[in-house]
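Asker: Below is a structure I'd like to ask you about.
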Amino acid sequence: MHELSLAEDMLEMIVQRSQDDGFERVTKVWLEVGMLSHVEADAMIFCFDAVMSGTLVEGATLEILPTQGIGECQQCQQTTQIEHLYDPCEHCGEFGLKIVQGDHVNIKSLAVV
Ligand SMILES: [Zn+2]
């Protein structure tokens with residue numbers, strides 16, 4: 001499952017950061033989830049809880065922040081807000097936009113003690 005490997009990557013990043021910054025527990029995680037990333041919030045939270053069990057992140061709340069998809073048109077160089085990967089440019093109708101935002105999952109912030 002997509003969300004499971006994402007949760008495992010998150011744990012790895014958080015453990016690394018805890019060593020760099022010297023915190024011992026995480027109480028909340030804010031996660032930016034791009035609207036084009038095919039991540040389902042419910043599945044993400046389920047996998048998060050499963051993967052974080054028994055780690056320094058156990059019991060932390062996962063707050064999901066949806067990030068708007070944005071594509072850049074190769075034809076007219078303008079950007080368009082898009083909801084689906086293959087949406088056309090709203091300015092000239094061209095397809096094949098280059099995705100500049102919204103296809104990634106990214107830890108925005110951590111609450112730590
Ligand atoms: Zn265009």
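Since every read-out is calculated from the coordinates, none of them should be taken as a lab result. The model shown is predicted, which means the values in this text are computed figures rather than measured ones. FYI the Cβ positions are ideal-geometry reconstructions off the backbone, even for glycines, and counts take in every protein chain you see.
Asker: Whole-Hz Karplus ³J(HN,Hα) for segment 27-37, in order, using 6.51 cos²θ - 1.76 cosθ + 1.60 and θ = phi - 60°, x for Gly and Pro?
Answerer: Values per residue, Gly and Pro as x: 9, 7, 10, 9, 10, 7, 10, x, 5, 9, 8 Hz.
Asker: Residues with amide H under 5 Å of ILE82's amide H, sequence separation 5 or more or different chain, H placed in the peptide plane at 1.01 Å from N; which?
Answerer: Under 5 Å from the amide H of ILE82: GLY69, ILE70, GLY71.
Asker: On to the next question. To the nearest 10 degrees, how steep is helix 2-21 against the longest Cα principal axis of the chain, on a 0 to 90 scale?
Answerer: Roughly 60 degrees, rounded to the nearest 10.
Asker: In a solvent-free Debye calculation with one equal scatterer on each Cα, what is log10 I(q)/I(0) for segment 62-113 at q = 0.15, 0.28, 0.29 Å⁻¹, listed in the order of the q values?
Answerer: Relative scattering, expressed as log10 I(q)/I(0), comes to -0.46, -1.01, -1.07.
Asker: As a test of the formula, what do you get for the chain when each DSSP H run with n ≥ 4 contributes -39,500 (n - 2.57) and the sum is divided by the residue count, at 222 nm and rounded to the nearest 500 deg cm²/dmol? Present the calculation step by step, with values, prior to reporting the outcome.
Answerer: Details: 2 runs with 32 residues, N = 113.
Calculated mean residue ellipticity at 222 nm is -9500 deg cm²/dmol.
Asker: I need the P(r) histogram for the chain: all alpha carbon pairs, bin width 10 Å from 0 out to the longest distance, whole percents.
Answerer: Whole-percent P(r) values from 0 Å outward: 15, 38, 24, 16, 7, 0.
Asker: What's the extension gain from LEU85 to HIS104 if we count 0.36 nm per residue and subtract their Cα-Cα distance? If you can, show how the numbers build up before the last one.
Answerer: Details: separation 19, 0.36 × 19 = 6.84 nm, distance 1.24 nm.
Contour length minus Cα-Cα distance gives 5.6 nm.
Asker: Only four residue types carry charge here, +1 at the Cβ of Lys and Arg and -1 at the Cβ of Asp and Glu. Report the dipole size of the chain about the Cα centre in Debye, rounded to the nearest 20. Mind showing how you got there, number by number?
Answerer: On the way: 5 positive and 19 negative charges, 47 e Å.
Magnitude of the dipole: close to 220 debye.
Asker: Hey, if you put +1 on the Cβ of every Lys and Arg and -1 on every Asp and Glu Cβ in the chain, which of ALA41, ASN106, GLN75 ends up farthest toward the positive end of that dipole?
Answerer: The listed residue farthest towards the positive side: ASN106.
Asker: Through the Karplus equation 6.51 cos²θ - 1.76 cosθ + 1.60, θ set to phi - 60°, convert the phi angles of segment 44-54 into ³J(HN,Hα) values in whole Hz; use x for Gly and Pro.
Answerer: Residue by residue, segment 44-54 yields 5, 5, 4, 5, 4, 4, 5, 6, 7, 4, x Hz.
Asker: Which ³J(HN,Hα) values, rounded to whole Hz and listed in residue order, are derived for segment 70-76 from phi using the Karplus coefficients 6.51, -1.76 and 1.60 in 6.51 cos²θ - 1.76 cosθ + 1.60 with θ = phi - 60°, glycine and proline given as x?
Answerer: 9, x, 10, 7, 6, 7, 10
Asker: Can you give me the long-range amide H partners of VAL112? Hydrogens built in the peptide plane at 1.01 Å from N, cutoff under 5 Å, separation of 5 or more residues or another chain.
Answerer: Amide H neighbours of VAL112, under 5 Å, 5+ apart: THR27.
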